[in-house]
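Presented below is the structure to which this report refers.
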Amino acid sequence: MTEMKFPSRLVGGRWGDGEGEPLVVTDPSTGEKAAEYAASTPSQVAAAVGGAAEAYAEWSGATPGERAAVLVRLAAELESVADDLAAAETRQTGKPIRLTTRFDVPGSIDNVAFFAGAARHLEGRAAGEYSADHTSSIRREPLGVVGSIAPWNYPLQMAVWKVLPAIAAGNTIVLKPAENTPVTASMLAEAAERAGLPDGVLNIVNGPGALTGEALVADPRLAMTSFTGSTEVGRRVAAVAARNGTRLHLELGGKAPFVVFDDADLEAAVHGAVAASLVNTGQDCTAATRAYVHESLFEAFTAGVADLMRTVRLGPPADSATDLGPLVSFRQRDRVAAMVDAAVAEGARAVTGGRAPGGELSRGAYYEPTLLVGASQGSAIVQQEVFGPVLAALPFRTDEEAFALANDTAFGLAASAWTRDVYRAQTAARVLQAGTVWINDHIPIISEMPHGGRKASGYGKDMSAYTFEEYTQVKHVMAELTAEPRKAWHRTVFTGGGHAER
Ligand code: NAD
């Protein structure tokens, strides 16, 4: 197949390539080169921040309606290249084309459309007199230049989640996509250019995290750093940002529990578990990773999940009949395999899967859908992010035990409870320590609702109007009402000058 061509760097409206080391984008389904580019150097990153800073005054001064008009056109531009976006996303990540055409691309476009509307609803609270002599009002203002770092698991969606709320609120931004999946973020920026986004509002740099990413995070001109990625790198980013005291938004790893109570609809739970653990080949921060199943349903649940997993068709990502593509890279596949092997060595058993497939598929970074039983709660496979098509199932006896096990990891991004009992469902919604709790489902997200974690999964929200809490700041304006030059409160400082005693 021919290599994809894309411009890897956009600074102040000028496209180009980096001047640093050459980097290869690999198609993980074949191991073949899909694209090549040069990393942006630290001085190129500095120029991108400069480009964003230059564009800030004009963009932040645009009316919400003017900003929204550009974003409405951006949604239409993306729609017009939806097939190209899906093909490029599939090529650089190995996602099945059915997933990119039905989820990644339309989900991204919907998010753009949402922020086009939300941009016009930014407001402070109504003014009021909280002191008898003053009217207080709240102004909601953008921050300045935002530096954003995105991961590889949903490259287009993550770029949209980072860029849209930032620019809708009047900020300008420098985005660094993951080094192995840079193509669709540049396509987003090209569409933004066609939509009339002014030069410098969106800037792109590409390159390795430790070099290009860290140069961005360390830039003292950033008003905010917004990071989505692993907990480990997020903590590094937080440490670098802390040197400048830069405001932070961290969307980090997850280890979502999937709790099946004894009154659950077993068929729904089985289908839900397979879909939620295998979506995006398990490379989803909210994927179901730990199924806690009431002991009375455990055998039937694990048998049902294993049977359904065996029907999942691994294959070439561009084939619309393919259910499951490869992992994003051979490195990621080997990491998943090593974690499963270690779990098995510690006493877990693979009911199905537990290995990379042979034959034609061995050219790619494939791994079979895997159900593990017999892992202990404290083991790495239950406690740490695997980010692969792997579900561990563990039995429980009481509701209290189920909730305790579900909450017993460092993470707190997402969780689900499967029950037909309204009281149990309400308890689960209250007790589960996660940014999202699903009842009788697991995975769906929606632009109007917030996404974000707690505990080691980070803080702050993506999507929805809540994300404006990250990308804006409020200012209190207190206007004096009496026009009296000598105010009573001055007497707390000086008593001369004939101040009124009020
Ligand atoms: P990663 O942490 O390895 O990399 C994320 C980004 O950080 C990449 O762009 C990388 O180049 C950059 N980076 C690496 N080192 C850096 C440094 N020192 N300074 C600045 N930037 C640096 O994550 P990944 O492997 O690309 O993505 C998978 C991870 O992302 C998983 O942990 C997953 O749970 C998480 N994730 C979380 C959410 C969420 O909403 N919470 C969404 C998607 C992915």
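A few notes on this one:
- A single member of Ala178, Ala189, Ala195 is within 11 Å of the ligand (Cβ to nearest atom) and small (Gly, Ala, Ser), and it is Ala178.
- In the condition set (1) free of Cβ contacts under 8 Å to residues at least 24 places away in the same chain; (2) not in a helix (DSSP H, G or I), Lys95 is compliant with all but (1).
- Among the residues of the stretch 433-469, those identified as more than 16 Å from the ligand (Cβ to nearest atom) and in contact (Cβ under 8 Å) with a residue 60 or more places away in the chain are Asn440, Asp441, Glu448, Ala465, Phe468.
- Selected residue (only one of Ala321, Ala338 is under 21 Å from Ala276 (Cα atoms) and in the same structural domain as Thr286 (by TED's automatic domain parsing)): Ala321
- Number of residues in the stretch 219-267 that are among the β-branched types (Val, Ile, Thr), more than 12 Å from the ligand (Cβ to nearest atom) and under 17 Å from Leu175 (Cα atoms) equals 1.
- Check on Val422, surrounded by fewer than 23 Cβ atoms within 10 Å (Cβ to Cβ), away from the ligand (no atom under 16 Å from the Cβ) and under 30 Å from Gly94 (Cα atoms): no
- Residue in the stretch 163-186 that is over 23 Å from Gly253 (Cα atoms), of a type in the set (Asp, Glu) and in contact (Cβ under 8 Å) with a residue 60 or more places away in the chain present: no
- Within the stretch 279-309, considering residues that are within 16 Å of the ligand (Cβ to nearest atom) and part of a helix (DSSP H, G or I), the one nearest to Leu405 (Cα to Cα): Gly282
- Breaking point among (1) in contact (Cβ under 8 Å) with a residue 60 or more places away in the chain; (2) on the phi < 0 side of the Ramachandran plot, for His271: (1)
- The stretch 2-49, subset among the polar types (S, T, N, Q) and not in a strand (DSSP E or B), residue nearest to the chain's Cα centre (by Cα): Ser8
- Qualifying residue in the stretch 129-139 (condition: hydrophobic (A, V, I, L, M, F, W, C) and touching a Gly at 6+ places or on another chain (Cβ under 6 Å)): yes
- Test: residue in the stretch 329-338 that is away from the ligand (no atom under 16 Å from the Cβ), more than 22 Å from Asp441 (Cβ to Cβ) and of a type in the set (Asp, Glu): no
Per-residue answers, yes or no, for (1) in contact with a Pro (Cβ under 7 Å, 6 or more places away or on another chain); (2) assigned by TED's automatic domain parsing to the domain that holds Tyr292; (3) surrounded by fewer than 23 Cβ atoms within 10 Å (Cβ to Cβ); (4) under 25 Å from Ser43 (Cβ atoms):
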site	(1), (2), (3), (4)
Leu222	no, no, no, yes
Arg243	no, no, yes, yes
Ala268	no, yes, yes, no
Ala276	no, yes, no, no
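The values are calculated or read from the model by the stated rules, or taken from the named source; none is laboratory data. Just so you know, these numbers come straight off a predicted model, no measurement behind them. Virtual Cβ from ideal backbone geometry, glycine too; neighbours counted across all protein chains shown.
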